[in-house]
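Worksheet: one structure, shown below.
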Amino acid sequence: MLEVCSVTKYYQGQAVFSKLDLTVGQGRFHVLLGPSGCGKSTLFDGLTGVFPLDGGRLLWKGEPLADLRLHAAYMQQKDLLLPWFSLLDNALLPAKTSGRDMKAAKDEACRLFERLGLKGYESHGAHQVSGGMRQRCALVRTLMFDRDLVLLDEPLSALDAITRQSLQSLLLMLQTEFKKTILMITHDIEEALLLADEIHLMSARPMAVSRHYVLSSPKPRKFNDPDLMAVKAQVLDQLEGGLSRESH
Amino acid sequence: MNRINFPAALLVALILGAWEAGVRLLSLPVFILPPPSRIIWTALVRAPDIFPHALVTFSEILLGLGLAVATAIPLSIAMFAKPSLEKAFSPFLVASQAIPVFALAPLLVVWLGYGMASKVFMAWIIIFFPISVSLLEGFKSCDPEFRVLFRLMGASFFNTLTLLYWPWALPRFFAGLRVGVGVAGIGAVIGEWVGAQKGLGFLMIQSNARLQTDLVFAAILWLTAMGLALWHFTGILETIIIKWKKEI
């Protein structure tokens, strides 16, 4: 579905990533796992056209394109809910800005509110609900983009452990129920193991894919799955190896 | 919101008390400095005479405010949308504040006549700057992450303006409006001093020439009351329009 071919980005003369390759298959849940500050978010910014890439190209279903602006939905760590709108109006923003039929969009958003456990909170303001509910609303808004690819930039990292666990199942729902292709950034190994079909382990700057793991265990997964434990040990080994190399 | 500002009320009471006591102890003639009690008395008893003048000045202030808001909003939007326009207009905006309004008043009376137009224009010159600059800064202060979100939604500039930038900038707009309301009377009164047949400025000049100092102060008192009322009204308007501000 998406091929990232030899993309390069420099910042103040230093390569953030250089000739980076990534292939994202349709319907798959891909996770970019790596240390903080290695350039994962910069890659997303480049892919979405926030700033231009300095080299490489993107292929979308085999066709070249400049950026994913009109092809991907993007959900960030911050929920980015506007305080002057209700939760429902926030979720309807993609429909409002794209000129969709508002009645149909509202019906769809209401269905999603019900599905994601927000029914009854449609008219609440963002300040009136918990962090977990705000992220659910951001998730509804992400679905309202109505795009095949969803980019998730550490969407759960600001939440407490219990809320995060309940929202992980919703992220999984994006793939299983809404048939989205997902590319998610995280530095939480267990989150990656629970959700991903493929984990791309990223190295420190200049960022590159240091290892690629394909996870075939059925979902939903449990932490005590021996296959996952084995991958976790390998990932930790790899990350610790990377850190010790950096410190030398 | 506190209905009564007790520290300010106490300070005013102290100043007025000291003024009253000083004038009486020193036996100052009324035409040099009338005591506050005399000013308040004159402001109330001569209200039928003062009111028509106050109405003219109030109308000039309101028209100046309306004109300033009506011109500052589109100009700020244009300058925000096109930074080259901001570069072009900025020197003129600054110059409009650098030139003393006293210097312009006689010219405006010559060009626009002794009627209301010259006073409205004077008020406009003074009010326009704080409103347009505050609004422009409000637009610019928008969180870049929200801009990215709207960009990814494929929102047009108009959509982004109405759904994001405008509500985002509203608190700054009202801050500018409050400053404008506070100084609006200056422009109108200066215009009336230079050449008018009605208005509180005209009444002040007339009364001063007749050594009716208490009436001069009474006119100032009316002008102050008008300014405070407008300032308070702006605050109420802000609370009504930016409901979400007090809730976040």
request  = Would you please name the residue that is farthest from the other protein chains (Cβ to nearest Cβ), looking only at residues in the range A:123-142 that are among the aliphatic types (A, V, I, L, M) and either without any contact (Cβ under 8 Å) to a residue 24 or more places away in the chain or out of contact with any Lys or Arg (no Cβ under 8 Å at 6 or more places or on another chain) (or both)?
outcome  = A:133
ask   = Cβ-Cβ below 8 Å, separation at least six or inter-chain, first residue in the range A:209-238 and within 11 Å of residue A:190 (Cα to Cα), second assigned to a strand (DSSP E or B): which pairs?
value = A:231/A:199; A:231/A:213; A:235/A:33; A:235/A:199; A:235/A:201; A:235/A:211; A:235/A:213
task = Might you let me know whether the range A:154-161 holds any residue that is assigned to a helix (DSSP H, G or I), over 30 Å from residue A:22 (Cα atoms) and either acidic (Asp, Glu) or in the same structural domain as residue A:191 (by TED's automatic domain parsing) (or both)?
result = no
Meets criteria (β-branched (Val, Ile, Thr) and either within 14 Å of chain A (Cβ to nearest Cβ) or touching a residue at least 40 places away in the same chain (Cβ under 8 Å) (or both)) for residue B:101 = yes
query = Quick one: in the range A:43-59, which of the residues that are more than 14 Å from chain B (Cβ to nearest Cβ) and buried (at least 19 other Cβ atoms within 10 Å of the Cβ) is farthest from residue A:95 (Cα to Cα)?
reply = A:53
message = Given the criterion in contact with a Cys (Cβ under 8 Å, 6 or more places away or on another chain) and surrounded by fewer than 19 Cβ atoms within 10 Å (Cβ to Cβ), identify the matching residue among A:101, A:21.
response = A:21
query = Among the residues of the range B:139-166 satisfying the criterion of being at pLDDT below 95 and surrounded by 21 or more Cβ atoms within 10 Å (Cβ to Cβ), which is farthest from the other protein chains (Cβ to nearest Cβ)?
reply = B:150
note = In the range A:179-195, residues that are within 15 Å of residue A:1 (Cβ to Cβ) and assigned to a loop (DSSP other than H, G, I, E, B) total 2
task = Specify the residue that is modelled with the highest pLDDT; the eligible residues are those in the range A:204-248 that are exposed (fewer than 12 other Cβ atoms within 10 Å of the Cβ) and outside any helix (DSSP H, G or I).
result = A:214
request  = Report whether or not residue B:210 is touching an Asp or Glu at 6+ places or on another chain (Cβ under 9 Å), among the charged types (D, E, K, R) and either buried (at least 18 other Cβ atoms within 10 Å of the Cβ) or modelled with pLDDT of 90 or more (or both).
outcome  = no
message = Being of a type in the set (D, E, K, R), within 10 Å of another protein chain (Cβ to nearest Cβ) and over 20 Å from the mean Cα position of the chain (by Cα) is the filter here; which residues of the range A:67-122 pass it?
response = A:89, A:96
Subset of the range A:177-194 [more than 12 Å from residue A:150 (Cα to Cα) and either not assigned by TED's automatic domain parsing to the domain that holds residue A:236 or not polar (S, T, N, Q) (or both)] = A:177, A:187, A:188, A:189, A:190, A:191, A:192, A:193, A:194
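Per-residue answers, yes or no, for (1) touching a residue at least 40 places away in the same chain (Cβ under 8 Å); (2) surrounded by 15 or more Cβ atoms within 10 Å (Cβ to Cβ); (3) closer than 30 Å to residue B:191 by Cβ:
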residue	(1), (2), (3)
B:51	no, no, yes
B:58	yes, yes, yes
B:93	yes, yes, yes
B:96	no, yes, yes
query = For the range A:133-158, how many residues meet the condition of being over 18 Å from residue B:145 (Cα atoms) and surrounded by fewer than 19 Cβ atoms within 10 Å (Cβ to Cβ)?
reply = 2
key: Residue, modelled with the lowest pLDDT, within the range B:73-118, restricted to residues that are of a type in the set (Phe, Trp, Tyr) and in a helix (DSSP H, G or I)   = B:102
note = Across the range A:161-196, the tally of residues that are at pLDDT 90 or above and among the basic types (Lys, Arg) stands at 2
message = What pairs come out if I take residues in the range A:169-191 that are of a type in the set (Gly, Ala, Ser) and pair them with residues that are not in a helix (DSSP H, G or I) whose C-beta lies under 8 Å away, six or more apart or interchain?
response = A:169/A:220
request  = Answer yes if at least one residue in the range B:58-68 is assigned to a loop (DSSP other than H, G, I, E, B), in the same structural domain as residue B:162 (by TED's automatic domain parsing) and under 22 Å from the mean Cα position of the chain (by Cα), and no otherwise.
outcome  = no
message = Restricting to the range A:35-75, give me the number of residues that are in contact with a His (Cβ under 8 Å, 6 or more places away or on another chain) and of a type in the set (Gly, Ala, Ser).
response = 1
key: Those strands (runs of 3 or more DSSP E) lying entirely in the range A:1-106 with at least 3 residues of a type in the set (S, T, N, Q) and touching a residue at least 12 places away in the same chain (Cβ under 8 Å)   = A:14-24
ask   = With respect to residue A:62, is the statement that it is small (Gly, Ala, Ser) and crowded, with 22+ Cβ neighbours inside 10 Å true?
value = no
ask   = Only one residue in B:186, B:190, B:241, B:205 is in contact with a helix residue (DSSP H, G or I) (Cβ under 7 Å, 6 or more places away or on another chain), modelled with pLDDT under 95 and within 14 Å of another protein chain (Cβ to nearest Cβ), so which one is that?
value = B:241
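The values are calculated or read from the model by the stated rules, or taken from the named source; none is laboratory data. Keep in mind it's a predicted model, so treat the numbers as computed, not measured. Note: ideal-geometry Cβ built from the backbone for every residue, glycine included; neighbour counts use all protein chains shown.
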